[in-house]
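A.B. asks: To start, I am sharing the structure in question, which I have written as structure tokens.
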Amino acid sequence: MIITQVDSIETQNQCRSRAEEMGVRIAFEMPHDTGNFMQLHPADTGGSFLEIDWDEKNNHQGHWPPAGGNKWESHIKTDVVSGILAAELQSPNPLALAKRWSTIVGAPLSKDTADRLEMRLNNAAVRFVKDTDGRGEGLGGIDIQVVDRDHVLQSAETRGLKVSDTQVMLCGVRFNLLTGKNL
């Protein structure tokens, strides 16, 4: 699931309208104390659930209702990993998938520094790549900003999860380990 947050209820409604015009079903929607959750059906979006939430606090670095409001902040540990930078959706047709998501979200597509198609969000990106591992369309990878790469690699190797010096595999998802050198 790719969970995003928009800046206003109006923006969420615009996303809803574009999705409905494209025949994308709302899989789940629920108001909460300070906003509204909206999940789009993965069979219609392609690639993954796309959740587009709105919260009146509009703080994508802090208050986040899916994680308990601000309760998650007391559990932050940045000594090993300090952030999520991108989610990577793989598809036999990444361009079509990217165009669909871009239209729903209302965000332009661009290319990253490695010439891969991406949709930039406030604090991260959704990247669209060719399915090369045979698993089909879906979440294939996550870019994480690591502070202690050696710790991550040692832990992964102990568990048989190390793929390379820049990647580990957990539950079928590639975690790309990025540091200041390769951000």
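A.B. asks: Does TRP64 meet the test of being of a type in the set (Phe, Trp, Tyr) and either touching a Leu at 6+ places or on another chain (Cβ under 7 Å) or surrounded by 18 or more Cβ atoms within 10 Å (Cβ to Cβ) (or both)?
C.D. replies: yes
A.B. asks: What strands (runs of 3 or more DSSP E) completely inside the stretch 101-158 contain at least 1 residues that are within 22 Å of GLY83 (Cβ to Cβ) and among the hydroxyl-bearing types (Ser, Thr, Tyr)?
C.D. replies: Ranges flagged: 109-111.
A.B. asks: Same structure, new question: Where the second residue is part of a strand (DSSP E or B) and small (Gly, Ala, Ser) and the first is within 22 Å of VAL6 (Cβ to Cβ) and in contact (Cβ under 8 Å) with a residue 12 or more places away in the chain and lies in the stretch 63-88, which pairs have Cβ atoms under 6 Å and are six or more apart or on separate chains?
C.D. replies: Between residues of the stretch 63-88 that are within 22 Å of VAL6 (Cβ to Cβ) and in contact (Cβ under 8 Å) with a residue 12 or more places away in the chain and residues that are part of a strand (DSSP E or B) and small (Gly, Ala, Ser), the close pairs are HIS63/GLY69; ALA86/ALA125; GLU88/GLY140; GLU88/GLY141.
A.B. asks: Condition (residue is of a type in the set (Gly, Ala, Ser) and either free of Cβ contacts under 8 Å to residues at least 12 places away in the same chain or surrounded by 16 or more Cβ atoms within 10 Å (Cβ to Cβ) (or both)) applied to the stretch 165-173: is it met by at least one residue?
C.D. replies: The answer is no, given that none of the residues of the stretch 165-173 is of a type in the set (Gly, Ala, Ser) and either free of Cβ contacts under 8 Å to residues at least 12 places away in the same chain or surrounded by 16 or more Cβ atoms within 10 Å (Cβ to Cβ) (or both).
A.B. asks: Right, something else. Enumerate the pairs (first residue in the stretch 127-139 and surrounded by 12 or more Cβ atoms within 10 Å (Cβ to Cβ); second residue anywhere and aromatic (Phe, Trp, Tyr)) with beta-carbon separation below 9 Å, excluding pairs fewer than 6 apart on the same chain, so at least 6 apart or on different chains.
C.D. replies: Short answer, once both residue conditions are applied: PHE128/TRP101.
A.B. asks: Additional query: Across the stretch 95-106, what is the number of residues that are surrounded by fewer than 18 Cβ atoms within 10 Å (Cβ to Cβ) and of a type in the set (A, V, I, L, M, F, W, C)?
C.D. replies: Number of matching residues: 2.
A.B. asks: Restricting to the stretch 76-100, count the residues that are of a type in the set (A, V, I, L, M, F, W, C), outside any strand (DSSP E or B) and out of contact with any helix residue (DSSP H, G or I) (no Cβ under 8 Å at 6 or more places or on another chain).
C.D. replies: Within the stretch 76-100, residues that are of a type in the set (A, V, I, L, M, F, W, C), outside any strand (DSSP E or B) and out of contact with any helix residue (DSSP H, G or I) (no Cβ under 8 Å at 6 or more places or on another chain) number 5.
A.B. asks: Report every pair of residues separated by at least 6 positions or lying on different chains whose Cβ atoms are under 8 Å apart, first residue within the stretch 91-111 and outside the structural domain of ARG25 (by TED's automatic domain parsing), second at pLDDT 95 or above and small (Gly, Ala, Ser).
C.D. replies: LEU97/SER91; ILE104/ALA19; PRO108/SER102; LEU109/ALA98; LEU109/SER102
A.B. asks: If SER48 meets every condition in (1) hydroxyl-bearing (Ser, Thr, Tyr); (2) within 30 Å of ILE9 (Cβ to Cβ); (3) outside the structural domain of CYS15 (by TED's automatic domain parsing) apart from one, which number is that one?
C.D. replies: Result: SER48 fails condition (3) only.
A.B. asks: Can you confirm whether the stretch 112-119 contains a residue that is in contact with a strand residue (DSSP E or B) (Cβ under 6 Å, 6 or more places away or on another chain), exposed (fewer than 14 other Cβ atoms within 10 Å of the Cβ) and free of Cβ contacts under 8 Å to residues at least 40 places away in the same chain?
C.D. replies: Checked the stretch 112-119: at least one residue is in contact with a strand residue (DSSP E or B) (Cβ under 6 Å, 6 or more places away or on another chain), exposed (fewer than 14 other Cβ atoms within 10 Å of the Cβ) and free of Cβ contacts under 8 Å to residues at least 40 places away in the same chain.
A.B. asks: THR11 fails exactly one of the following numbered conditions: (1) modelled with pLDDT of 95 or more; (2) in contact with a Leu (Cβ under 8 Å, 6 or more places away or on another chain); (3) not hydrophobic (A, V, I, L, M, F, W, C). What is the number of that condition?
C.D. replies: Among (1) modelled with pLDDT of 95 or more; (2) in contact with a Leu (Cβ under 8 Å, 6 or more places away or on another chain); (3) not hydrophobic (A, V, I, L, M, F, W, C), THR11 violates only (2).
A.B. asks: List the residue pairs whose Cβ atoms are under 9 Å apart, where the first residue sits in the stretch 38-51 and is modelled with pLDDT of 95 or more, the second is hydroxyl-bearing (Ser, Thr, Tyr) and assigned to a helix (DSSP H, G or I), and the two are 6 or more positions apart or on different chains.
C.D. replies: none
The values are calculated or read from the model by the stated rules, or taken from the named source; none is laboratory data. Quick caveat: nothing in here was measured; it's all calculated off a predicted structure. Reconstructed Cβ throughout: ideal geometry from the backbone, glycine too, with neighbour counts over all protein chains shown.
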